[in-house]
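A short worksheet on the structure shown next.
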Amino acid sequence: MTDSKYFTTTKKGEIFELKAELNSDKKEKKKEAVKKVIASMTVGKDVSALFPDVVNCMQTDNLELKKLVYLYLMNYAKSQPDMAIMAVNTFVKDCEDPNPLIRALAVRTMGCIRVDKITEYLCEPLRKCLKDEDPYVRKTAAVCVAKLHDINAQLVEDQGFLDTLKDLISDSNPMVVANAVAALSEIAESHPNSNLLDLNPQTINKLLTALNECTEWGQIFILDCLANYTPRDDRESQSICERVTPRLSHANSAVVLSAVKVLMKFMEMLPKDLDYYGTLLKKLAPPLVTLLSAEPELQYVALRNINLIVQRRPEILKHEMKVFFVKYNDPIYVKLEKLDIMIRLASQANIAQVLAELKEYATEVDVDFVRKAVRAIGRCAIKVEQSAERCVSTLLDLIQTKVNYVVQEAIVVIKDIFRKYPNKYESVIATLCENLDSLDEPEARAAMIWIVGEYAERIDNADELLESFLEGFHDESTQVQLQLLTAIVKLFLKKPTETQELVQQVLSLATQDSDNPDLRDRGYIYWRLLSTDPVAAKEVVLAEKPLISEETDLIEPTLLEELICHIGTLASVYHKPPSAFVEGSRGVQHKRLPGSAGSGESVESPDAGSAAGVSDAPPAVIPSQGDLLGDLLNLDLTPPSATGPPPAATSGMQMGAMDLLGGGLDSLMGDESEPLGGDLGGSPAMGAGFGAPPAAMPASFNAPVSSGGLDDLFDLGGGVGMPMGAYSPPKAIWLPAMKAKGLEILGTFARRAGVIQMEMTLTNKAMSVMTDFAIQFNKNSFGLTPAGPLQVLTPLSPNQSIEVALPLNTVGPVMKMDPLNNLQVAVKNNIDVFYFSCQYPISMLFVEDGKMERQVFLATWKDIPNDNETQFQIKDCHLSSDAASNKLQGSSIFTIAKRTVDGQDMLYQSIKLTNGIWVLAELRVQAGNPNYTVSLKCRAPEVSQCVFQSYEAVLKN
Amino acid sequence: MSASAIFVLDLKGKVLICRNYKGDVDMSEIDHFLPLLMQHEEEGLLCPVLSHGNVHFMWIKHSNLYLVATTNKNSNASLVYSFLYKMVEVFTEYFKELEEESIQDNFVVVYELLDELMDFGFPQTTDSKILQEYITQEGAKLEVAKSKVPTTVTNAVSWRSEGIKYKKNEVFIDVIESINVLVNANGSVMSSDIVGSIKLKTMLSGMPELRLGLNDRVLFALTGRDKGKTVVMEDVKFHQCVRLSRFESDRTISFIPPDGESELMSYRINTHVKPLIWIESVIEKFSHSRVEIMVKAKGQFKKQSVANNVEVRVPVPSDADSPKFKTSTGSAKYVPEKDLVVWTIKSFPGGKEFLMRAHFGLPSVENAENEGKPPITVKFEIPYFTVSGIQVRYMKIIEKSGYQALPWVRYITQSGDYQLRTNV
């Protein structure tokens, strides 16, 4: 007997017939009728008209029939809320049934009926069921609390169900504990700030105990919940890890992945020199590898996660390259992911094997896979220098296959190889040129054009080659047009005599015949550059390019940290934070790894976040190879990545950064760029002046140009005043270009005529123009804050530097930093927001009226307890006491009195800080002894160390 | 946390049965599933997760069905796929075959199971043996049995019911090792490993406590014994029933077994395995005229052992015709629907070497499509033998009634993913 017969009746009047059957006296007939109704519901027919008749069948002792009626109710209650009330009585009665199966069924179903009127009636039965003697009922009731909360959160809180649910975490039955944890986690997710899952060592212990006893699913709920806990210290962290590691041997892949999540997170807190840390690393590899024997979908999830794990802790799987070799019968999504991981794991030790594999893959059928394999060969060349030559020859072999997409892909990566190893493999250019005609994809065409332009002096017929592209200029994609423009300008600068006509042709195509503003703007810029100052043009266009970085496609470190906290979930599969794809999760706090979450610590400071650090020095993130060329070409930058706000360092700083983004600087830039397009509309006239010395330029051109900033571009030295006597340390690198997508900041602090200034040199080491600069400080010890906006009025072109002096005042919010003079800074430009921290010499804060009256000095000196006195040695200082005194005075350290005892000069000095703190000093200088002793007394002794550093800096410079 | 709703669809994307667990995703969203899937398939970007707006579909395919979970949250994806596969397992145990027909024929039970397997997106009881105790197909007859919850459902021992009785208490242990090998076209072994599995068929009364002893090197090192051959298991995975923390602390495999058949554990051994059946092949393709294939198979295992049901599967171009074979043993067959020659050798003694030659014609008009280079694959079974040398040293069975029970052990080695790449 099968149920399929229930699907067969389709004749007219069916509903009517069913109605009659439902009201039949015979139990069997009733049941058959309900089955028919459910069958109709299953195939999508509307049988809601039968609601009262079906509900009438609810009161039955036949469990199967009851289940069917309940099922019907779940489906149609929402569309018939008034009639659904009819069912309430039976529900309430069923919740008291002697049979626990029925009690559970009733409470489970009631929670699924999302009708407000019903929920009120649910409370009392639910309360009883939460305390039911049968664990099966309790575990069902626990889930029901989450259901009810979803319908009416307030009701659940008012009724105190949350507390009951929390109590269930201590239930004797592991399945009840697991479901309670799941329900609480679910509720907590929608109420991120509710502190519902108040995890403390006691509850954690209960969870870990239940972990050993509950079902595989319960283990996952508990592990996922544990992953949200932050242990108090490394010992607790280790003890949790020890109790979680056995889960790595569970047959269910999902249990394994959730355990990996907990371990990856808590590991952050373990000191790296701990034996256990090494043991744990070793324990992680085998289960990760075994996941690759799971079903393909689970393999896929595992591979996406391994991709993250490999970036975070490359050491775990570095010896496991072979397991990622692609099998012929792997599904395409598995193949592509394996390939990605192979590249990440490629190293000098295994490169030969990897290359042999990649070459094998490049001859497969699947186009996407083959393309990716070819690209992978290029990435290996860039990553492992020793293999570059072999990679290039492999790529040449592949080009010989003449398979169109292979050739194009190979050319794209060879361009990158040229970028990494300039002037090393040009011998292959001839082979590349042979394939020029077969290139039909924009990226490949652009790459080829770039190569021709870059090596124009070595390609005899470079002009012919480029000219051939020029014929169909307007049919090319923007990418190719921009590249062609640049390449021809390069060619012209290298071989000016033969190519003047060509360059004029391309400039006019770009500026006059194109609707694309990017193309036009670039055309104008080249045109003006060439006509104003060919030498400068050469410096700009043929400038040495920075080498491209070894690692590509790396996930931004803060995002990576967040994703590690989401191992196993969709976020880890998409490699996107949940806020990017889950509605209503905007306000939810981004998850962070412990250790790096310490408040107030700067991300950039080497000792703060880096306990968690990505193998100590996080590699710079550069756009994927595909985008590189894009960036190289695009003057107009793409907006910051679209995946929500950049995961910022400390929350305070993140807020600051958000303010910056909304700031008024954009409008400033908008004004700036207009004259470029507008005033130059008449550029054909430039053709006349072209090639002539700059003097021949029509005067009218100079005006908009200078305000438009081209002159400023070359004005490197401007803006910095002369030193006024106060000590200012030499500029140091605050933000290396690698960490800031090409923006390098050197800086120092100075106090000039009573004004504190932050003086910076901003250098653009990226391939694209930077604009929209703005700056913001985190709260700091002395309330330093910018007195005005960061004045970078002109866009910063690649390889350009600009000097900026930012006046500061000390009226900002105060927060004690460690070290005291630490300053966390956020700098924004059109590409991203970057954070760094620097330390200012405290002498910047010494005010000019810091000379104390002698009497006051004496009184104060006595008044400050001796505990507050600190003594320092200044070594190797050869100044006389007077010279020292003068020098210090220049930095507002004032000598009030001088005493000479036994050939030793004692200088008594006072300093006043911007916040009114006084520092008193006694400086002892003995003739012939290069070591000075300075004793500092201050009511706030924390500043002494910084003040001493300033003494040393001032005296020695 | 996991799924908002679960759907079972036929190949045309029609919903056969579904269950809405959370109500936060519109049930009609499923209509987007198949079009999305087809679009991705066309673009060659098939992926186990598809998304449409805020809705994410996690899906697997089983025979002529799609099993799809929807969600709009950051769900635990690994949990969802595990659950979907578990569903397949449960349905298969209930209906023997899980396919379109069995869903329709049993829709009442399917609804009941869906209700029991998952609640509000949280997987619940998924052990089919236990489920069968209170959700039965013959609903009407078994009213009595169904009237109470088996305590097993919520017990710490959720996989075995109390009160099981056998006249003769026995347990059968199968140790099965699968060899995975990937050999390059030039004959070098790229990767190889052993995936072992220990399966039980338990026919024991009551609630027996079992302890399994293997010649596990780590265990021997722990206990200080050092005699005899031991094996190093790279990674071990256990059935729910095994006490993992006990294993972690002293490598003891102790458990209360599920009744009947189950996989107790699996392990992976990463040693370099000599391919047990070595294949050398010469495939010469003369475009527009013919393909000539010569395959030599050699048994690289002990002379006393015999490999059974050996199948060497050699790929041929899809447009090949008029096959001719010559074999030194066994028989060769052309399987055009799979573009394969299958050479079958019923019994292949160790140390022996056999040869097969095949000849195919090729049409004069060449197939323009690039067919890739499928590898040669091999299937075999070698009984009474494990490559790794793993041994069951003992199986202790203790039950409070004190009966004596006999363990029976069988060993078998078989091919797993056994691929040899070719030049053509």
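The values are calculated or read from the model by the stated rules, or taken from the named source; none is laboratory data. Because the structure is a prediction, the values reported are computed rather than measured. Here the Cβ is made from the backbone with ideal geometry for all residues, glycine too, and neighbour counts use every protein chain on show.
Evaluation of B:LYS229 against the conditions (1) surrounded by fewer than 15 Cβ atoms within 10 Å (Cβ to Cβ); (2) within 28 Å of the chain's Cα centre (by Cα) shows that the sole unmet condition is (2). The residue that is surrounded by the fewest Cβ atoms within 10 Å (Cβ to Cβ), counting only those in segment B:336-378 that are among the hydrophobic types (A, V, I, L, M, F, W, C) and farther than 18 Å from B:ILE279 by Cβ, is B:ALA368.
Evaluate segment A:111-120: report whether one residue or more is of a type in the set (Val, Ile, Thr) and under 19 Å from A:ILE169 (Cα atoms). For segment A:111-120, residues of a type in the set (Val, Ile, Thr) and under 19 Å from A:ILE169 (Cα atoms): absent. Taking first residues from segment B:395-418 that are closer than 27 Å to B:ALA307 by Cβ and partners that are of a type in the set (Asp, Glu), the Cβ contacts under 6 Å between residues at least 6 apart in sequence or on separate chains come to B:ARG410/B:ASP174; B:THR413/B:GLU177; B:GLN414/B:GLU381.
Taken residue by residue, segment B:299-308 has no member that is more than 30 Å from B:GLY228 (Cα to Cα) and among the small types (Gly, Ala, Ser). Each residue in segment A:476-507 was checked for being within 25 Å of A:ILE399 (Cβ to Cβ), of a type outside the set (S, T, N, Q) and surrounded by fewer than 23 Cβ atoms within 10 Å (Cβ to Cβ), and 1 pass. State whether one or more residues within segment B:93-111 are buried (at least 21 other Cβ atoms within 10 Å of the Cβ), at pLDDT below 95, in contact with a His (Cβ under 9 Å, 6 or more places away or on another chain) and not in a strand (DSSP E or B). Yes, segment B:93-111 has at least one match. Among the residues of segment A:205-230, those identified as under 15 Å from A:ALA259 (Cβ atoms) and touching a Pro at 6+ places or on another chain (Cβ under 6 Å) are A:ALA210, A:CYS214, A:TRP217.
Note on segment A:61-94: among residues that are of a type in the set (D, E, K, R) and not in a loop (DSSP other than H, G, I, E, B), the one that is farthest from B:ILE135 (Cα to Cα) is A:ASP82.
Counting only helices (runs of 4 or more DSSP H) that fall entirely inside segment A:364-457 and contain at least 1 residues that are in contact with a helix residue (DSSP H, G or I) (Cβ under 8 Å, 6 or more places away or on another chain) and polar (S, T, N, Q), the qualifying elements are A:388-400, A:404-420, A:429-434. Restricted to segment A:221-264, and to residues that are within 13 Å of chain B (Cβ to nearest Cβ) and not in a helix (DSSP H, G or I), which residue is surrounded by the fewest Cβ atoms within 10 Å (Cβ to Cβ)? Among those residues, the one meeting the criterion is A:ASN228. So is A:GLU17 closer than 19 Å to B:LEU113 by Cα, out of contact with any helix residue (DSSP H, G or I) (no Cβ under 6 Å at 6 or more places or on another chain), among the acidic types (Asp, Glu) and free of Cβ contacts under 8 Å to residues at least 60 places away in the same chain or not? No: the conditions fail for A:GLU17.
When segment A:169-196 is filtered for residues that are among the aliphatic types (A, V, I, L, M), under 22 Å from B:LYS22 (Cα atoms) and away from every other protein chain (no Cβ under 13 Å), only A:LEU196 remains. Hey, can you tell me all the residues within segment A:183-235 that are β-branched (Val, Ile, Thr) and over 30 Å from B:TRP159 (Cα atoms)? The answer is A:THR230, and nothing else. Among residues belonging to segment B:346-375 that are in contact with a Ser or Thr (Cβ under 6 Å, 6 or more places away or on another chain) and at pLDDT 95 or above, point out the one that is nearest to A:THR363 (Cα to Cα). Going through the qualifying residues, I end up with B:MET356. Is segment A:92-101 home to any residue that is of a type in the set (D, E, K, R) and within 17 Å of A:ASN152 (Cβ to Cβ)? Looking through segment A:92-101, none of the residues is of a type in the set (D, E, K, R) and within 17 Å of A:ASN152 (Cβ to Cβ). Of all residues in segment B:59-68, none satisfies being under 23 Å from A:GLY111 (Cβ atoms), more than 7 Å from chain A (Cβ to nearest Cβ), in contact (Cβ under 8 Å) with a residue 24 or more places away in the chain and in a strand (DSSP E or B). Kindly establish whether B:VAL273 is closer than 22 Å to A:LYS327 by Cα and either within 10 Å of another protein chain (Cβ to nearest Cβ) or part of a helix (DSSP H, G or I) (or both). No: the conditions fail for B:VAL273.
Within the set A:ARG108, A:ARG114, the sole residue that is touching a strand residue (DSSP E or B) at 6+ places or on another chain (Cβ under 7 Å) and either on the phi < 0 side of the Ramachandran plot or of a type outside the set (Ser, Thr, Tyr) (or both) turns out to be A:ARG108.
Looking across A:PRO331, A:PRO287, one residue alone is over 27 Å from the mean Cα position of the chain (by Cα), buried (at least 22 other Cβ atoms within 10 Å of the Cβ), in contact (Cβ under 8 Å) with a residue 12 or more places away in the chain and within 13 Å of chain B (Cβ to nearest Cβ). It is A:PRO287. Quick check: anything in segment B:102-114 closer than 26 Å to A:LEU105 by Cβ and more than 10 Å from chain A (Cβ to nearest Cβ)? Scanning segment B:102-114 turns up at least one residue that is closer than 26 Å to A:LEU105 by Cβ and more than 10 Å from chain A (Cβ to nearest Cβ). Across segment A:358-379, the number of residues qualifying as surrounded by 20 or more Cβ atoms within 10 Å (Cβ to Cβ), within 11 Å of another protein chain (Cβ to nearest Cβ) and either under 11 Å from A:VAL413 (Cβ atoms) or among the hydroxyl-bearing types (Ser, Thr, Tyr) (or both) comes to 1. Please verify whether segment A:34-50 includes one or more residues that are more than 14 Å from chain B (Cβ to nearest Cβ) and of a type in the set (Val, Ile, Thr). So far as segment A:34-50 goes, yes, one or more of its residues are more than 14 Å from chain B (Cβ to nearest Cβ) and of a type in the set (Val, Ile, Thr).
Only one entry of B:SER82, B:SER128 meets the criterion of being in contact with a helix residue (DSSP H, G or I) (Cβ under 7 Å, 6 or more places away or on another chain) and at pLDDT 95 or above, and that entry is B:SER82. If you go through segment A:301-318 one residue at a time, do you hit one that is within 9 Å of chain B (Cβ to nearest Cβ), in a loop (DSSP other than H, G, I, E, B) and out of contact with any Ser or Thr (no Cβ under 7 Å at 6 or more places or on another chain)? No, there is no match, as no residue in segment A:301-318 is within 9 Å of chain B (Cβ to nearest Cβ), in a loop (DSSP other than H, G, I, E, B) and out of contact with any Ser or Thr (no Cβ under 7 Å at 6 or more places or on another chain). The residues listed here are B:VAL8, B:VAL90, B:VAL55; of these, the one that is surrounded by 17 or more Cβ atoms within 10 Å (Cβ to Cβ), more than 8 Å from chain A (Cβ to nearest Cβ) and within 21 Å of the chain's Cα centre (by Cα) is B:VAL90. Within segment A:197-220, if we keep just the residues that are assigned to a loop (DSSP other than H, G, I, E, B) and touching a residue at least 40 places away in the same chain (Cβ under 8 Å), the residue that is nearest to the other protein chains (Cβ to nearest Cβ) turns out to be A:THR215. Number of residues in segment B:16-47 that are under 28 Å from B:ASN106 (Cα atoms) and in contact with an Asp or Glu (Cβ under 9 Å, 6 or more places away or on another chain) equals 6.
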